[in-house]
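**Q** Right, I'll just put the structure down here and ask away after.
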Amino acid sequence: MISLTPLDLVLASVLVLALALTSHFAALGLARTLVVVSVRTVVQLLLVGLVLRQLFETTRVSLLLLVVGIMLIVAAREVRSRQARPLAGAWGYSVGALSMFVSSFSVTALALLVVIDATPWYLPQYAIPLLGMLLGNTMSGVSLGMSRFTESAYREKAAIEARLLLGHTAQAATSHLRVEAVRTGLVPIVNSMAAAGIVSLPGMMTGQILAGSPPVEAVKYQILIMFLIASGTGFGVLVSVWLSATRLFDERERLRLDRLDG
Amino acid sequence: MSGLEVEGLRFRGLGPLSLSISAGQCVALMGASGVGKTLLLRALSDLDPHEGVVRLDGVDGNEIPAHVWRSRLGMLPAESAWWADDLGAHFSTQVDLAPLGFGPDAFAREVSRFSTGERQRLALARLLASEPRALLLDEPTASLDPENAERVEAILEAYRVRHDAPVLWVSHDVAQARRVASSVLELTPEGLTQAT
């Protein structure tokens, strides 16, 4: 395994700086943002590296729970902030958090218990990276699915109410929108599975190969990850869209757009 | 009692309103724009929160599931709305569209290719195909030419007689209100009054 020196990272940062300068002179208005996110990347990842080192050395359950709890909360905030019309109040966070929890956490637990078979099964060295991969991808799917659903419900109020007036149930009245929303949420993972290896070498596999793993080992892990991500994202999107659809109606099956923000 | 009974209905600062439409009777509802005629129909259909009691054939709307209530009450909104591309997807059974001036090929066409007035008539066909017990009509002929308005009036008249349905018909046209209804009510911010 070839270790990276700080100098290697400085060289990479010169490229980002060059991009920022170009953006500044081309008046793209992105220079500041680029610098800020670059600094954030460095600081956040360094901090995570320190926390992970601590976690891997001690295998303390309380610390593990704290880390995964923070990961879930941050993901839930991110899901909400990516929506133009999120569910109002605590629902805006909890629907996303719950969907990601049931999908990402159960798929991760299943993979750790059945496939990876480490001892103890929650060994942070496996649990944290797996959960991170799953949560990151599920988060994209859930936020895409939910924002598609809430926006189309807002835009198609008349069509939903037309269905209600014909005697359709609340669930039936949004069936056409729910199908679309779930498809939207699943597009990224379906695309990346279709293109995997041909158009793009997935990031995790690339990282493993660069770090010195034999390619076939890296491929096996990548296939595992892809399948886990697909199922985690799929179930997460289904749950989140279903919960959003349920929340948008009251006990008398009235469409309640006042339960959306914005 | 059969028919539609409304007691002490309150919604969005209006009311309490009471009215009664017996089976097979058509009542016209008039009133200035924005006074709340559409809101009244929405409250009756339980699309908006409201207080008071609405009964159809003696059954209180709050005692049955909302979707069952709406399937019996049969409200036609002023503007038609569609959720699928093809017209046929909006009908569970193919009904005869000839009385409204459409051929059987209409079901295969895209909704977006019909004009506003055509869609308004097709929305009526869609509603009647679900065979509601009562009809709440929000200006059903507003975007129609006189010939088609007459067609729609005839179809609604036939439905009312055949199903002995109570009908509440919102209209801006005094002549139409007198023509189709046996009683004309006017909605004002103060409440419902019998128009003379």
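**Q** Run through all the Cα pairs of the stretch A:1-58 and give the fraction in each 10 Å bin from 0, expressed as whole percent.
**A** With 10 Å bins starting at 0, P(r) equals 20, 38, 27, 12, 3.
**Q** Given the rule -39500 (n - 2.57) for each run of at least 4 DSSP H residues, summed and divided by the residues of chain A, what is its mean residue ellipticity at 222 nm, to the nearest 500 deg cm²/dmol?
**A** After summing the helix terms and dividing by the residues of chain A, the value is -24500 deg cm²/dmol.
**Q** Filter the GluC sites (Glu not before Pro) in the stretch B:91-196 down to the DSSP loop ones having no more than 10 other Cβ atoms within 10 Å, then list what survives.
**A** Here the sparse-neighbourhood loop sites are B:Glu190.
**Q** Ignoring the sites themselves, what is the longest stretch of chain A with no trypsin sites (Lys or Arg not before Pro) in a DSSP loop and at most 16 other beta-carbon atoms within 10 Å?
**A** In chain A, the maximal stretch lacking such sites is A:83-255.
**Q** Taking every pair of Cα atoms in the stretch A:89-152, average 1/r, invert it to obtain the Kirkwood radius, and report Rg/Rh to two decimals.
**A** Using only Cα positions, Rg/Rh for the stretch A:89-152 is 1.09.
**Q** Can you give the convex hull volume of the alpha carbon atoms of chain A per residue, in Å³?
**A** 168 Å³
**Q** With the Cα gyration tensor of the protein assembly as shown in hand, give its eigenvalues times 5 under a square root as the equivalent ellipsoid semi-axes, listed largest first in whole angstrom.
**A** That gives 59, 23, 21 Å for the three semi-axes.
**Q** Where a ≥ b ≥ c are the square roots of the eigenvalues of the C-alpha gyration tensor, would you call the stretch A:1-134 rounded, which needs a/c under 1.5, or, failing that, prolate if a/b is larger than b/c, or oblate?
**A** It is oblate, given that a/c is not under 1.5 and a/b is not larger than b/c.
**Q** Using the Cα atoms as the points, what is the convex hull volume per residue of the stretch A:121-169 in Å³?
**A** 75 Å³
**Q** Over chain B, what is the relative contact order in whole percent, taking alpha-carbon pairs under 8 Å and six or more residues apart?
**A** 32 percent
**Q** So what's the convex hull volume per residue for the Cα atoms of the stretch A:185-248, in Å³?
**A** Per-residue hull volume (Cα only) is 75 Å³.
**Q** Here's something else I'd like to know. Run the quick spin-label model on A:Arg40 and A:Val114: label points 7 Å from Cα toward the beta carbon, then report their separation in nm to one decimal.
**A** So the two model labels end up 3.7 nm from each other.
**Q** How much length is gained if the chain between A:Ala211 and A:Gln54 is pulled fully straight, taking 0.36 nm per residue apart and subtracting their Cα-Cα distance, in nm to one decimal?
**A** Extending this stretch completely gives an extra 54.4 nm.
**Q** With both partners inside the protein assembly as shown, how many of the DSSP beta bridges are antiparallel, as a percent to the nearest 5?
**A** Of the beta bridges lying entirely in the protein assembly as shown, close to 55 percent run antiparallel.
**Q** Okay, next question. Skipping prolines and chain starts, which residues have an amide H placed within reach, meaning under 5 Å, of the one on A:Leu260, given they are 5 or more residues away or on another chain?
**A** Answer set, sorted by chain and number: A:Ala88.
**Q** Give me, ordered by chain and number, the residues 5 or more places off B:Gly52 or on other chains with an amide H under 5 Å from its own placed amide H.
**A** Close amide H contacts, sequence-distant or interchain: B:Arg10.
**Q** Non-local amide H neighbours of B:Thr188 (under 5 Å, H modeled in plane, Pro and chain starts lacking H): which ones?
**A** Sorted by chain and number, the residues that satisfy this are B:Thr193.
**Q** Pop a pseudo-label 7 angstrom from the Cα along the beta-carbon direction at both B:Asp164 and A:Leu19 and give the gap in nm to one decimal.
**A** 7.6 nm
**Q** What are the ³J(HN,Hα) values, in whole Hz, obtained from phi via the Karplus relation 6.51 cos²θ - 1.76 cosθ + 1.60 with θ = phi - 60°, for each residue of the stretch B:92-101 in sequence order, with x given for Gly and Pro?
**A** Karplus values, whole Hz, x for Gly and Pro: 7, 10, 7, 9, 7, 9, 4, x, 8, x.
**Q** Could I ask something else about it? Taking 8 Å as the Cα distance limit and 6 or more residues as the minimum spacing, I'd like the relative contact order of chain A as a percentage.
**A** It rounds to 25 percent for chain A.
**Q** So, one more: Provide the FRET efficiency to the nearest 0.05 for the B:Ala98-A:Lys157 pair, computing r from the beta carbons and using R0 = 51 Å.
**A** Computed FRET efficiency for B:Ala98 and A:Lys157: 0.95.
**Q** I need the P(r) histogram for the stretch B:133-196: all alpha carbon pairs, bin width 10 Å from 0 out to the longest distance, whole percents.
**A** 19, 53, 25, 3
**Q** Which whole-Hz couplings ³J(HN,Hα) result when phi for each residue of the stretch A:203-218 is put into the Karplus expression 6.51 cos²θ - 1.76 cosθ + 1.60, θ = phi - 60°, listed in order with x for Gly and Pro?
**A** x, 5, 5, 4, x, 5, 5, 4, 7, x, 6, x, x, 5, 4, 4
**Q** A follow-up question, please. Quick check: residue separation of B:Ala142 and B:Asp105 times 0.36 nm, minus the Cα distance between them. What number comes out in nm?
**A** That works out to 10.8 nm of additional length.
**Q** Now for a separate question. Against the 2.2 N^0.38 Å scaling, with N counting residues, where does chain B land? I'd like the Cα-based Rg ratio to two decimal places.
**A** The value comes to 1.01.
**Q** On to the next question. So what J values fall out for the stretch B:10-17 if you push phi through Karplus, 6.51 cos²θ - 1.76 cosθ + 1.60 with θ = phi - 60°, rounded to Hz, Gly and Pro as x?
**A** Result, ordered by residue: 10, 7, 6, x, 9, x, x, 10 Hz.
None of the figures in this text is laboratory data; all of them are computed from the coordinates on show. All values derive from a computational prediction rather than experimental measurement. No Cβ is skipped: glycine too gets one built from the backbone with ideal geometry, and neighbour counts run over all protein chains shown.
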